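J.: Would you mind keeping the following structure in view while I ask a few things?
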Amino acid sequence: MQHSKFCLAGVMGWPIAHSRSPTLHNYWIQKYGLNGSYVLLPVQPENLQAAITGLPALGFAGCNITIPHKVTAMDLVNDVDANAKRMGAINTIVVQPDGSLKGFNNDGFGYIQSLLDAKPDWRADAGPITVLGAGGAARAVVLSLAERGAKEIRLLNRSEEKAQALATAFGSPVKVLPWAQRHAALADIALLVNTTNQGMHGNPELDLDLSQLPSTALVSDIIYVPLETPLLAAARARGNPTVNGLGMLLNQARPAFKAWFGVMPEITPELINAVKLSL
Ligand code: NAP
């Protein structure tokens, strides 16, 4: 009888109209024969507390939290999972059986899973890793790489103090280098990750010379609009394996769906096509 229950979840953000999350969660709701809906929840910052507190009364199983609420929402739930606490942000709220609210952050899981989907034998300790950027997404990427056993993470950000703050939070494998050294920081690495917004639709491309990048290094860009950024195109042209940001987006959604509705959903070629069409 569980499937006769109306399953309700959504994504809270401001603005929110651009979100692709309804496409994927509603695909899964239909695919797994659930009765329900995943909706856009446009919530202005001053209404965030009322909106989050109202989730159980409205019958929501939970919601995703996105820009600009990921940090503030942490203080508005009853409990925050340890991983999300370390990241300093939540991207998912799950209404617990007793009606209390628990916050999670699945971005790091989504990122690691996207690498494993592209390269099943990928290992974090295969060699040095260079991460460009130290914004919100970089926190999830760097923390999850460190937790997977990365031995050396070279972190470079235009504003170096933000990279320093991240290194202080996440400890020994993270070594901060000046932004000007980003070209040389590609020597000997096994993985390059772009977490800056450079190369995203509407922004200039990332200013990076790949000549010192080993030809075996995996190149990952967490941007998914466009699916192939100029960085990925350049890497592919010189023979490097590449991973785009779509896998991170799709994979971070899976544990949330499982927590709300009890099914760990699969990423199928049909789903990938549906999301690509919405980009
Ligand atoms: P954010 O917190 O605003 O961080 C932006 C980053 O870009 C900062 O490191 C910033 O450096 C850097 N940057 C901005 N302009 C730059 C420039 N001209 N030159 C060099 N670096 C520059 O954003 P975010 O939330 O981390 O998101 C970053 C990117 O990741 C976005 O493109 C977003 O779409 C993508 N993303 C993808 C997923 C996914 O699921 N695939 C999830 C989250 C985010 P400063 O600190 O110096 O400003």
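The values are calculated or read from the model by the stated rules, or taken from the named source; none is laboratory data. Being a predicted model, the structure only gives us computed values, none of them experimental. Every residue, glycine among them, receives a Cβ derived from its backbone with ideal geometry; neighbour counts consider all protein chains shown.
J.: How many residues are more than 16 Å from the ligand (Cβ to nearest atom) and part of a loop (DSSP other than H, G, I, E, B) when one looks only at the range 217-234?
T.: Residues that pass the stated criteria total 1.
J.: Quick check on the range 92-102. Is at least one of its residues closer than 25 Å to S144 by Cβ and polar (S, T, N, Q)?
T.: yes
J.: Same structure again: Being within 14 Å of the ligand (Cβ to nearest atom) and crowded, with 20+ Cβ neighbours inside 10 Å is the filter here; which residues of the range 199-216 pass it?
T.: Scanning the range 199-216 gives G199, L206, L208.
J.: Would you point out which residue out of A57, A9 is of a type in the set (A, V, I, L, M, F, W, C) and over 19 Å from the mean Cα position of the chain (by Cα)?
T.: Matching residue, one of A57, A9: A57.
J.: Moving on to the next point. Can you go through A126, A146, A134 and tell me which one is buried (at least 20 other Cβ atoms within 10 Å of the Cβ), at pLDDT 95 or above and more than 14 Å from the chain's Cα centre (by Cα)?
T.: That would be A146, the only listed residue that is buried (at least 20 other Cβ atoms within 10 Å of the Cβ), at pLDDT 95 or above and more than 14 Å from the chain's Cα centre (by Cα).
J.: Being in a helix (DSSP H, G or I), in contact (Cβ under 8 Å) with a residue 12 or more places away in the chain and of a type outside the set (F, W, Y) is the filter here; which residues of the range 241-258 pass it?
T.: Passing the criteria: L246, G247, M248, L249, L250, N251, Q252, A253, R254, P255, A256.
J.: Also: Select from the range 188-223 the residues that are farther than 17 Å from A124 by Cβ, among the aliphatic types (A, V, I, L, M) and in contact with a helix residue (DSSP H, G or I) (Cβ under 7 Å, 6 or more places away or on another chain) and list them in ascending order.
T.: L206, L208, L210, L213
J.: Which one of these does Q44 not meet: (1) without any contact (Cβ under 8 Å) to a residue 24 or more places away in the chain; (2) farther than 16 Å from P255 by Cα?
T.: Here Q44 clears every test but (1).
J.: In this structure, does D75 turn out to be modelled with pLDDT of 95 or more and under 21 Å from I16 (Cβ atoms)?
T.: yes
J.: Find the strands (runs of 3 or more DSSP E) located wholly in the range 84-185 whose residues include 1 or more that are within 14 Å of the ligand (Cβ to nearest atom) and touching an Asp or Glu at 6+ places or on another chain (Cβ under 6 Å), and list them.
T.: none
J.: How do the pairs read when you match residues in the range 185-208 that are at negative phi with residues anywhere that are part of a helix (DSSP H, G or I), using Cβ under 6 Å and keeping only pairs 6 or more apart or on different chains?
T.: Correct list of pairs: V193/V141; N194/L231; T195/A137; T195/A138; T195/V141; E205/P230; L206/L231.
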